[in-house]
Amino acid sequence: MDVFHINLFLLLSQSMLISSSLIHLDGNGYKGIVVAIHGSVPENGKIVQNIKTLFSKASEYLYNSTRNGVYFKEVTIVVPSTWSKQPEYEIQQGNFFSTAHVRVDNENPEYKDTPYTLQPGGCGDPGHYIHLTPWFLEELEGKTVEMFGAPERQLVHEWAHLRYGVFDEYGIPGDKRYPMFYHENNKIRPTSCVRDIKGWIESRDGGPCSITTNGDVDTDCIFIPNMHSNEAKASIMYMPFIPSMEGFCDDDTHKHNMFAPTKHNAMCNYRSTWDVISNHPDFQTLRAKRDTSSEFSDTLFRILQSPKSANSRYVLVLDISGSMNGQPMKLLHSAATRLIEDRVPDGTRLGIVEFSSTARILNNLTEVNNVTRDQLSRNLPAKDDGGLTAIGKALEKAIQVLTNDNGTAEGGLIMLITDGEENVEPFIQDILPGILKHNVVINAVAFGSNASEKLENMTMVTGGRGYFFAYDGKRSSYALDSAFLESITSQADVELQPVQLKDEMFDLDEAVITKYVYIDEELGKDTVFTVMSSHIERVGDLILRSPSGTLYDHTYQQYDRDDRSRQRIRISVPESEAGKWEAIIRRRGDSSIQVNFAVTSEPKDVRDQPIRVRSWMNEIQLQFPAYAKVYAEVKKGYMAVIGATVLATIERPMGSPVDIELHDNGVGADATEDDGIYSGYFTYFNGNGRYAVIARVTNDGQARLKTGSKASAAPAMPIRKGRSKDTPVGEFLPEDFEITEKNETANETGENYEAAKKFDRVSNAGAFRVQAWKEDAGDVIPPGDITDLTVISIFKFSKNEDKVTLQFTAPGNDMDAGQVSSLEIRASKNQEELIANFENGENISDVYYNSPYPPPPGENTLVTITVPEVLRGNDSEAWTIYFAMKARDEAGGISSGFNIAAATFGINKKNHSRRTEDKHGGEEEMLEESLNTSETEKNSDSSSDSGQNGNISSSSFHWWPVAVTTGVVLIIVMIAALITVVILKRNKMKTYFSVQSAQC
Ligand SMILES: *[C@@H]1O[C@H](CO)[C@@H](O)[C@H](O)[C@H]1NC(C)=O
């Protein structure tokens, strides 16, 4: 498996970095950072000024915290076109907001004014953007400081999320996966990095903190660090506002706390943030140039503004070389004609370049309108010219077309369609450095399987996207149309882009086929229904029925049929009803034909945005053995849509496409549960070449809108309300809390949901390319990781026998697909040792799975184990055991990462007994045992990643007061608790119970 990891590592350094790809180091300084202000933000020059102040200060802090490593050298600020012109603003066309690294936009309903980073990837993967609100910037040196501390530290905190893929090191009150407190033997500690941060605890209203009899710290309880006399130097991923914070946790002087249940520990396999950051390609590059000394200079700013009537500038670059002969040329011609005649919005400035052995401008940039539309489409090449493939020349011509227009190519988009390997100089790599200077985006459609492999790198470094269009044989797809549509609209503000509801390929193998589509209430402007086929003459008709029964057929004014160049039937409804529409497609003649059915619609009111879907892959060039991660974000504005059904269809080099389901469950490929970003692994490779990915999203009745989404938010500075004068400490004892009877259930931190109406969406994620795949490679993709291992309950089975029930989500044989061949549980008294060397942990052999073994992938599984004698502690004091799990496949592949679940036995008998004596007088023995278990419950919460154990543990402890007052024999109570767990799991209770009894 080492080979696998090495490959993966090499690939990470050249992976597709979404928007962050354009940030680069020049010496020690970052260039290419774009901060864009959304058009809805009211004009305020102070915002621009304060962005400069913020970045200038943050640059210095970043430089210091990265140990004279990196700083912000050049930052581009983009102001809305609606703001008044200023002499220092450069006028520049282009849509910068959706690709900006830092967004200044109105608040996200969940985060309000707290800065956060959208960070959907795994450890080390770049985030998508940092979100700052206008208020945060306007108040930069006033209220922002009161609320968040020095704002430049907040920015560096977010920058570390965005650029280096590290995660938060603080806990969240009430959070089950990343709680604010965790237990370590008899102590209750604040979740933090480093360990020696001192402070106080109090409830949000300033009162004392409480703890339940089962050890749960109240969700209202917060840790308030001592702001002004703390000595802790790290970490700014913890509480950047503590003035003493200088940098990131590392493995020596700012010793990383691997015991804390932080998101960072869970996501990054317990590595310190500095370890992750210093292994980022940026720092590897710096180290490689060891001889050059570190530089630092003031941050330079450039301010851009789009012209008011900004029209996107777009150049189509079409391959007409000999290899396009025949069907490919026909398909390209009809798709390009549909694009120009049906799709390009009025006002777009469009140019056309064709190329084979040389390149030729067919049209300089021309404003598209009723008159020019026809001229432009008539200029489209219909035939190949038998020539070679000069991609470099074609791109140079495209730059020239953009430059001819207004003197600069910047902000323009080039859409290159080619089917071949370039064979005429200059080559892509020769001209790419020059092209990068022009700041243009290049999207590319690889037409067929022979298109140059250099396309991926080119699109990636220009911030563009690659698509794949297979035309050979049966697997003809219409991805070309959606690639065109996405490219042409990507230059407009997201709020103005049309929404793709359907894009479906099927065989018209019956006389009539009916398709259904839901049109949302927010949509309905210019709804376009299209049936396309290269045998369109054999499609009899397209008839629509609206939800209220109105029919739209060939007599409708906006019905249009073109059997020749565009090869489609199209019905455009300017104002369409919301609800379920019916599309009746009739066939002409008897033979089956392949058709594509597509529906798009636009929002009726830009201020009331519909649900939108965005999809992408983590990498676009894979070196086998590897896997692809596919993501789809489903949101309405900044609100996450959860519970949707998300399928990704992957077209492969051979055979039929595969569907994989994407999940928003915080397990496997998915970084965060319920954030509206659905993720999944793709491992079903069957050849070298390109794989095209389309995501489809529907509401099967479970979809709900959440009034915000979990991303990474820096915490607002906690303020001490209480008047306790005691000295700040770094850890707490149970007696520092008030004991309550309240059984704290996992109240989901006040999240609000609203049922979503039915909807249909499709999003073209583009393509990725696989190389070095071998037919006979065998099973080289390892099982996924178990990162949500949780202790559900512990119990004394007999005097010398302790048992623990663990819960986890089963991984797959190849990441999350297929069934693993075995599971391995290791345990140790030393967490650090277990993390460092899983194989040296004690192999737990006495296990009982309450469901089929090995479990199917994705199965929520329970296993009860007996603590081996060697790990048992002395019952006179508290002892903790740490557990971890890995999965194996038949080929010997093994999971790479894991999380640690902790179980503590015999904790703190004296204190709790004393405190609870009055309430339960006498029954000391029972209480002690009950507290032991409860303590472990809490421990399990804190040290594991399961979001699901909250309900289970609290439910099982409804049994305790009963047990205590009735004095039922301990073992029976334990079994009862387990049964509760089992009932909750709705699993084979009978089998489980009989096995347990038999063992008695
Ligand atoms: C495009 O514009 C350039 C510069 O203005 C001009 O030299 C060239 O002839 C134009 N090409 C076409 C096809 O119009």
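The values are calculated or read from the model by the stated rules, or taken from the named source; none is laboratory data. In this text the structure is predicted, and so the values were computed from the model without any measurement. Glycine also receives a Cβ, built like all others from the backbone with ideal geometry; neighbour counts cover every protein chain displayed. The area values use the complete protein model at the heavy-atom level, side chains included, leaving out ligands, DNA and RNA. Shrake-Rupley method; radii C 1.70, N 1.55, O 1.52, S 1.80 Å.
Tabulated results
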{"item": "Inverse of mean 1/r across different Cα pairs in the range 421-474, Kirkwood, Å", "result": "11.9 Å"}
{"item": "Surface per residue (accessible, 1.4 Å probe) for the range 286-423, Å²", "result": "41 Å²"}
{"item": "Computed over the range 847-888: relative contact order in percent, which uses C-alpha pairs under 8 Å that are six or more apart", "result": "31 percent"}
{"item": "Of all accessible heavy-atom area on the range 140-258, the percent that carbon and sulfur account for (1.4 Å)", "result": "50 percent"}
{"item": "Highest average packing first - 438-445, 683-690, 638-645, Cβ atoms within 10 Å", "result": "438-445, 638-645, 683-690"}
{"item": "Shape parameters for the range 808-885, alpha-carbon atoms, Rg then Dmax in Å", "result": "14.1, 46"}
{"item": "Cα gyration tensor category, rounded, prolate or oblate, for the range 752-853 with a/c compared to 1.5", "result": "oblate"}
{"item": "Mean Cβ count within 10 Å, highest first, over the residues of peptides 876-888, 509-521, 275-287", "result": "876-888, 275-287, 509-521"}
{"item": "Packing-based order for 76-87, 761-772, using average beta carbon neighbours within 10 Å, highest first", "result": "761-772, 76-87"}
{"item": "Rounded to whole Hz, the Karplus (6.51, -1.76, 1.60) HN-Hα couplings of the range 107-124, x for glycine and proline", "result": "5, 7, x, 7, 8, 6, 8, 6, x, 8, 10, 7, 9, x, x, x, 4, x"}
{"item": "log10 of Debye I(q)/I(0), alpha-carbon scatterers only, for the range 530-608 at 0.18 Å⁻¹", "result": "-0.77"}
{"item": "The range 484-577, accessible surface, carbon-and-sulfur percent (1.4 angstrom probe)", "result": "43 percent"}
